[in-house]
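The values are calculated or read from the model by the stated rules, or taken from the named source; none is laboratory data. Note that this is a predicted model, so its numbers are computed, not measured. Neighbour counts run over all protein chains shown; Cβ positions are idealised from the backbone, glycine included.
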Amino acid sequence: MKDIVIIGGGPGGYVAAIRAAQLGANVCIIEKDKFGGTCLNRGCIPTKALYKNAQVINTINKSRDFGITIDNYSINIQDIQNRKNNIVSSLVNGVEKLLQENNIEVIRGKGIIKDSKTVRVELEDGREKEIKGKNIIIATGSIPDKISIPGINVSGVITTEEMLEFEEIPQNLVIIGGGVVGMEFADIFNALGTNVSVIEYLPNILNGVDSSISKRYKAIAKRKKINIMVNAKVTKITKDDGGLQVYYETKNNEKTIKVDKVLVAVGRKPNLSNIGLDGTGIIYEEKGIYVNEDYETSVKGIFAIGDVNGKVMLAHEASHQGIKVVEHIMGLEGKDSNEVIPSCIFVFPEIACVGLTEEEAKQKEIDVKIGKFMFSANGKAMTMGEKEGFVKIIANKDNDEILGVHILGPHASDLIHEGVLAINNNLKINDITKTIHAHPTLSEVFHEATLDVNDISLHILPKKKI
Ligand code: NAI
C-alpha cells in the first residue's frame with residue numbers, strides 16, 4: 001500500500017509528489033496525458049512564449065525610438081510554434097526527470113477513485129490496475145468553460161488550446177471574455193497584427209483587479225486599437241462564406257461584427273468528469289470539490305488540490321496547496337503564513353497584484369492610505385523605453401501596515417514579490433522605506449510609492465500627485 005496516491009501531474013500534483021518523496025513517503029502519481037498539466041502544456045508557459053514573440057514585435061515597431069531603423073521584417077509562424085513547443089517539451093521532460101530522480105512511481109493512465117483507499121487506473125495500453133493508498137490526492141485541474149449560444153460549435157469558434165496552435169494570423173478576431181486569458185490573447189494577437197475585439201459581459205475588463213489599474217490598462221489597450229466592448233453579451237454566431245458573424249447585445253442595441261476567428265475565454269471549470277466522484281461520498285458541485293482548510297474532501301484521507309477544488313485557479317497556488325497537503329499527511333504541520341497569493345497578468349505592460357484592492361479595503365471598512373509612483377519618473381524605466389504605468393501601495397491608516405500592492409508596468413510580475421514578502425510578514429511602510437533599493441532599478445518605483453504613502457516621495461515635485 002502506498003502512503004500517497006496522486007491523480008494528476010500538473011503543478012499541483014507533480015510538486016506534491018516531489019515534496020512527498022523528499023519527506024520519505026511511498027508515493028505514486030497517475031497521469032493520462034503529459035506532465036505539467038494545463039500550465040506547462042496549454043496555459044502559462046506556451047502563452048508566455050507567444051508573449052515574448054509579441055514583445056519582440058513591439059520592440060521592433062518602436063525601434064526608431066532607439067535610433068535604429070528596421071525597414072522590413074517578416075513573421076515565420078512555424079518558427080514561432082517550434083520555439084514554443086520546444087520550450088514546453090523541455091519543461092515537460094524536466095518534470096519527468098525530477099519525478100524519476102526522486103524515485104516516484106509514475107503510472108501512465110486514467111485514475112478513477114473506487115473507494116477511500118483505492119484508485120482504479122485505465123492504463124494507456126488498455127489494461128486496468130488497482131492502486132491502494134493510505135491517502136489519495138485529487139489534482140485533476142480544470143478545463144475551458146463554454147457558453148451555450150447558437151453557433152458556439154461552428155468551426156472557427158475556438159478555445160485557447162486551439163488558439164495556441166494557430167497556423168495563420170487571423171485578420172479579425174473576436175475574443176469573448178475580457179478576463180485574464182482574454183486580455184493576454186488580445187495583446188498577443190494585437191502585436192501580431194490582428195484586429196482584436198473583446199466582448200465582455202460585465203461593466204469592466206479584468207474584473208477583480210484594482211480598478212485604477214484596470215482602467216488605466218483599458219485606456220492603453222484602446223490606444224493600441226484593441227476594440228473593447230463591456231456590458232455586452234454575445235447572443236449567437238453564424239458562419240457563411242465570408243467568415244463568422246458574431247451577434248451581440250449592448251444596453252440599447254443589437255450589433256454584429258464580422259471576423260475570421262472567435263476565441264472563447266469565458267473562464268475555466270474544475271475537471272470533475274470520469275474521476276469516480278459519484279458513490280464515494282465526496283461532496284462536489286460544478287464549481288469544485290468541497291474541501292476543508294486542510295484541503296481534505298468530505299471523505300477522510302482523500303484530498304483535492306488546485307483548480308479542481310475551484311478555490312483559486314492559479315498554478316503557483318496549486319503547488320502551494322500540494323506541498324501543504326503532503327506536509328499535513330506526513331505530520332509536518334508548520335505555522336501558517338498569511339498565505340497571500342500574488343497574481344500576474346501578462347499584458348503590455350504587465351500587471352501584478354497582491355493583497356487588498358482599494359475597493360476591497362473600502363468594502364471591509366478599513367481606513368487606508370494610498371501611495372503611488374509612476375514609472376515615467378524612474379531612470380531605469382526611461383532607459384528601457386517603458387515608462388507606462390505605476391506602483392500603487394495600500395496601507396492601513398491606523399498602523400501603516402501594507403495591505404495591498406498593485407503594479408502596472410515593466411516587469412510587474414517580478415517586482416510584485418517585494419509586496420508579497422511585505423504582506424506575508426505584516427511589514428509596515430517604514431520597513432520598506434528604510435530598506436535601501438539599488439539604483440538604477442525599477443524597484444525604486446516601489447520604494448518611492450511606499451514613501452508616497454506618507455507624502456514624502458523624493459522624485460516628484462511637491463504637491464504634484466497622481
Ligand atoms: P476569468 O473568469 O478571469 O474571465 C472570464 C471573463 O469572461 C469574465 O470577465 C466574464 O465576465 C466574461 N464572460 C463570461 N461569460 C461571458 C459571455 N457570455 N460574454 C462575454 N463575457 C463573458 O477567466 P479566464 O480569463 O478564462 O481565466 C481562467 C482562470 O485562469 C482564472 O482563474 C485566471 O485567474 C486563471 N489564469 C491566470 C493567468 C495568470 O495568472 N497570468 C493566466 C490565465 C488564466
Q | Failed item in (1) in contact with a strand residue (DSSP E or B) (Cβ under 7 Å, 6 or more places away or on another chain); (2) surrounded by fewer than 23 Cβ atoms within 10 Å (Cβ to Cβ), with Ile45 passing the rest | A | (1)
Q. Do you know which of the residues in region 156-186 that are small (Gly, Ala, Ser) and either outside any loop (DSSP other than H, G, I, E, B) or over 20 Å from Val230 (Cα atoms) (or both) is farthest from the ligand (Cβ to nearest atom)?
A. Gly156
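Per-residue answers, yes or no, for (1) over 24 Å from the mean Cα position of the chain (by Cα); (2) surrounded by 13 or more Cβ atoms within 10 Å (Cβ to Cβ); (3) without any contact (Cβ under 8 Å) to a residue 24 or more places away in the chain:
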{"residue": "Lys134", "(1), (2), (3)": "yes, yes, no"}
{"residue": "Asn153", "(1), (2), (3)": "yes, no, yes"}
{"residue": "Thr159", "(1), (2), (3)": "no, yes, no"}
{"residue": "Phe166", "(1), (2), (3)": "no, yes, no"}
{"residue": "Asn172", "(1), (2), (3)": "yes, yes, no"}
{"residue": "Val180", "(1), (2), (3)": "no, yes, no"}
{"residue": "Met183", "(1), (2), (3)": "no, yes, no"}
Q | Only listed residue being within 28 Å of the chain's Cα centre (by Cα), farther than 24 Å from Met330 by Cα and loosely packed, with under 10 Cβ neighbours inside 10 Å, chosen from Asn76, Asn58 | A | Asn76
Q. In the set Ile423, Ile407, which member is farther than 23 Å from Gln321 by Cβ and buried (at least 18 other Cβ atoms within 10 Å of the Cβ)?
A. Ile407
Q: Just give me the residues in region 420-464 being part of a helix (DSSP H, G or I) and under 21 Å from Lys387 (Cβ atoms), in sequence order.
A: Ser443, Glu444, Val445, Phe446, His447, Glu448, Ala449, Thr450, Leu451, Asp452
Q. Is it the case that Phe373 is under 25 Å from Val312 (Cβ atoms) and of a type in the set (Phe, Trp, Tyr)?
A. no
Q) Do we find a residue being touching an Asp or Glu at 6+ places or on another chain (Cβ under 6 Å), more than 30 Å from Asn53 (Cα to Cα) and more than 16 Å from the ligand (Cβ to nearest atom) anywhere in region 328-349? A) yes
Q: Examine region 264-271 for a residue that is crowded, with 17+ Cβ neighbours inside 10 Å, under 30 Å from Glu333 (Cα atoms) and at pLDDT 95 or above, and state whether such a residue exists.
A: yes
Q: Check Lys300, Lys236, Lys287 and return the single one that is under 23 Å from the mean Cα position of the chain (by Cα) and exposed (fewer than 15 other Cβ atoms within 10 Å of the Cβ).
A: Lys287
(Q) Looking at the structure I just gave you, is His316 modelled with pLDDT of 95 or more and assigned by TED's automatic domain parsing to the domain that holds Arg64? (A) yes
(Q) Go through (1) within 16 Å of Glu448 (Cα to Cα); (2) modelled with pLDDT under 95; (3) of a type outside the set (Lys, Arg) for Gly334 and report which single condition fails. (A) (1)
Q: Return yes or no: is Asp33 in the same structural domain as Gly281 (by TED's automatic domain parsing), touching a residue at least 40 places away in the same chain (Cβ under 8 Å), surrounded by fewer than 19 Cβ atoms within 10 Å (Cβ to Cβ) and closer than 24 Å to Glu130 by Cα?
A: no
Q) Does Val198 satisfy being at negative phi, in a strand (DSSP E or B) and near the ligand (Cβ under 9 Å from one of its atoms)? A) yes
